[in-house]
Amino acid sequence: MTNSTTMAHAPREVLSLKNPSFCAYMVCSCILVIKMIAVALLTAYKRKVHKVYLSPEDVKTNKGQIDTHDDVERVRRAHLNDLENIPLFWTTAFVFLFAKPPVWLACLMFFTFVIARIGHTIVYAVYVVRQPARAVCFLTGLVITLYMALHAMIVGFAHI
């Protein structure tokens, strides 16, 4: 088989349900989507409980006031942190798959990232724990994303 033929089949091999690393990526990506939706719903719940809203129409409908509340803002910040970090993970992990890491390594990176992000939300927005708990969760996810990016970049450079 020529190199170009091998490369043409690479996406089909990597993005296949026969590839356990890709299956782990799928599962972890879906868990992260569900987690982000849950945090969005938690924000809405906190707004309802504290009767603080951003829009006049929400105030009229829900009999509250236009204001902020520390509990609502804490959940919003956790959600914003997800929006800053999870898309980077998705992109980097997707590219990492094409570097064909060992299955154990891909699973370790993917599932540890998910645990770190869930932990970050819990210690920041659900059950507030003093630092360094949040920092450890955040840095764990950051290090994983950086490792995958560097690993994929080195593999990519080796094939230029």
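The values are calculated or read from the model by the stated rules, or taken from the named source; none is laboratory data. Predicted model only: the values in this text are computed from it and were never measured. FYI the Cβ positions are ideal-geometry reconstructions off the backbone, even for glycines, and counts take in every protein chain you see.
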- Filter segment 10-29 for residues that are at pLDDT 95 or above and of a type in the set (S, T, N, Q); the one that is surrounded by the most Cβ atoms within 10 Å (Cβ to Cβ) is S21
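Residues are listed down the side, and each one gets a yes or a no for (1) within 23 Å of H151 (Cα to Cα); (2) free of Cβ contacts under 8 Å to residues at least 60 places away in the same chain; (3) acidic (D, E):
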{"residue": "E13", "(1), (2), (3)": "yes, yes, yes"}
{"residue": "Q65", "(1), (2), (3)": "no, yes, no"}
{"residue": "L80", "(1), (2), (3)": "no, yes, no"}
{"residue": "F98", "(1), (2), (3)": "yes, no, no"}
- Task: Considering each residue of segment 116-149, count those that are without any contact (Cβ under 8 Å) to a residue 24 or more places away in the chain and part of a helix (DSSP H, G or I), and give that number.
- Result: 11
- So how many residues does segment 65-80 have that are touching a helix residue (DSSP H, G or I) at 6+ places or on another chain (Cβ under 7 Å) and either at pLDDT below 90 or of a type outside the set (K, R) (or both)? 8
- Lone unmet requirement of (1) surrounded by 14 or more Cβ atoms within 10 Å (Cβ to Cβ); (2) β-branched (V, I, T); (3) touching a strand residue (DSSP E or B) at 6+ places or on another chain (Cβ under 9 Å) for T61: (1)
- Go through (1) at pLDDT 95 or above; (2) surrounded by fewer than 14 Cβ atoms within 10 Å (Cβ to Cβ); (3) closer than 29 Å to V155 by Cβ; (4) more than 13 Å from the chain's Cα centre (by Cα) and name the single condition T91 misses. (4)
